Amino acid sequence: MNYSETLEIGRQFQDYILLDMNKQGISFTNYTSKKYQYSVGENTAGVEIKHDMKFRQTGNLFIEVETKAKNGEWYKSGIYNNDNTWLFLIGDEDTYWVFGKRCLQRVLKKSEFKVVTTPDSRGYLLPVKYAHTLAEKVGGNG
């Protein structure tokens, strides 16, 4: 799958989340410009939304903590990004979890969670079995 296909799948997941949350009486808008995404956050509600397409195969959620810029430097991102984010939502349309950002920061510092580095990001692997106990909310079609 190429970058533009992956990006489109991620955007569709964000739209799904917006609709699903709206059905529950929670309404917010995603920022689409880089200016507002970098200066404020992903959306007006402070919810970081991540589509994890591999957790069903691996049994782990990938919780990003750093991203690699085009210049090769690593920058804080995901749960360590300094923006309006206070909730971290991750999963797919069938099952997604909503975590408190600070809760993830505290829990993932424990040495039992593996850190993985990909070519452009770094993050913790959170086993799905822990996700159910840590999440503030579990949602989806499943």
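Which members of region 89-103 meet the condition of being surrounded by 21 or more Cβ atoms within 10 Å (Cβ to Cβ) and under 23 Å from Y3 (Cα atoms)? Break it down into steps so the answer makes sense when it comes.
Narrowing region 89-103 to residues surrounded by 21 or more Cβ atoms within 10 Å (Cβ to Cβ): 89-91, 96-97, 99.
Answer for region 89-103, where residues must be surrounded by 21 or more Cβ atoms within 10 Å (Cβ to Cβ) and under 23 Å from Y3 (Cα atoms): L89, I90, G91, Y96.
Within region 36-48, is even one residue closer than 28 Å to Y130 by Cα, without any contact (Cβ under 8 Å) to a residue 24 or more places away in the chain and acidic (D, E)?
No.
Could you list, in sequence order, the residues of region 1-28 that are under 17 Å from W86 (Cβ atoms) and touching a strand residue (DSSP E or B) at 6+ places or on another chain (Cβ under 6 Å)?
At the first step, the residues of region 1-28 found to be under 17 Å from W86 (Cβ atoms) are 17, 21, 26-28.
Hits for region 1-28 are I17, F28.
Among the residues of region 14-62, which ones are surrounded by 14 or more Cβ atoms within 10 Å (Cβ to Cβ) and of a type in the set (D, E, K, R)?
D20, E42, E48, K50, D52
Looking at region 95-124 only, could you name the residues that are under 26 Å from D20 (Cα atoms) and either of a type in the set (A, V, I, L, M) or touching a residue at least 40 places away in the same chain (Cβ under 8 Å) (or both)?
Those that are under 26 Å from D20 (Cα atoms) and either of a type in the set (A, V, I, L, M) or touching a residue at least 40 places away in the same chain (Cβ under 8 Å) (or both): T95, Y96, W97, V98, K101, L104.
For region 106-121, which residues satisfy the criterion of being over 13 Å from the mean Cα position of the chain (by Cα) and crowded, with 16+ Cβ neighbours inside 10 Å?
Within region 106-121, V107, L108, F113 qualify.
Readers should treat all values here as calculations from the given coordinates under stated rules, not as data from a laboratory. This structure is a prediction, so every number in the text was calculated from the model and none was measured. Using ideal geometry, Cβ is built from the backbone for each residue, glycine included, and neighbour counts are taken over all protein chains shown.
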